[in-house]
Amino acid sequence: QVQLVESGGGLVQAGGSLRLSCAASTDIFSINVVGWYRQAPGNERELVATITKSASTNYADSVKGRFTIFRDSAKNTLYLQMNGLKPEDTAVYYCHADRGYFGRFWGQGTQVTVSS
């Protein structure tokens, strides 16, 4: 089992920055794939960024060059640094962990709202 708790969401102006945090109950460096997804009203949940156990990263085209996913071993926390935020980034952001055979786990979500 993995418990994931997100924080760091809020209301920012376009062009601003936020850093989302995801505290994990299991060593995040041991999980095959961890990442961030988001879901805007009326939309499907979509992948934002992932990072593998070997530190390989993947980003949605819409956030490349603006968002950075990284992990902190000391705090056992996954982060999403979001710069140059746009109104279309407004969504609930979810932390995700894929443990393969042991299942997939989701955080409760944190709201990010970007005003124009």
task = Please determine, by comparing only the residues of region 105-116 that are modelled with pLDDT of 95 or more and over 12 Å from the mean Cα position of the chain (by Cα), which one is surrounded by the fewest Cβ atoms within 10 Å (Cβ to Cβ).
result = S115
note = For region 76-104 the number of residues that are aliphatic (A, V, I, L, M) and modelled with pLDDT under 95 is 0
inquiry  = Name the single residue that is farthest from the chain's Cα centre (by Cα) among those in region 36-65 being hydroxyl-bearing (S, T, Y) and closer than 19 Å to N83 by Cα.
reply    = S62
key: Filter result for the condition that a residue is at positive phi and of a type in the set (S, T, N, Q), over N76, N58, N43, N83   = N76
note = Expected single match for open to solvent by 40 Å² or more (accessible area, probe 1.4 Å), at pLDDT below 95 and of a type in the set (S, T, Y) among S7, S56, S62, S73 is S73
query = Is there a residue being without any contact (Cβ under 8 Å) to a residue 40 or more places away in the chain, out of contact with any His (no Cβ under 8 Å at 6 or more places or on another chain) and open to solvent by 40 Å² or more (accessible area, probe 1.4 Å) anywhere in region 18-30?
reply = yes
remark   = Scanning region 76-101 residue by residue, the ones that are surrounded by fewer than 17 Cβ atoms within 10 Å (Cβ to Cβ) and touching a residue at least 60 places away in the same chain (Cβ under 8 Å) total 8
task = For region 33-47, state whether one or more residues are surrounded by fewer than 14 Cβ atoms within 10 Å (Cβ to Cβ), farther than 19 Å from T113 by Cβ, touching a Ser or Thr at 6+ places or on another chain (Cβ under 9 Å) and of a type outside the set (V, I, T).
result = no
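The values are calculated or read from the model by the stated rules, or taken from the named source; none is laboratory data. All values derive from a computational prediction rather than experimental measurement. Here Cβ is always computed from backbone atoms with ideal geometry, including for glycine, and neighbour counts include all displayed protein chains. Accessible surface is based on the protein model in full, side chains and every heavy atom, while ligands, DNA and RNA are left aside. Shrake-Rupley method; radii C 1.70, N 1.55, O 1.52, S 1.80 Å.
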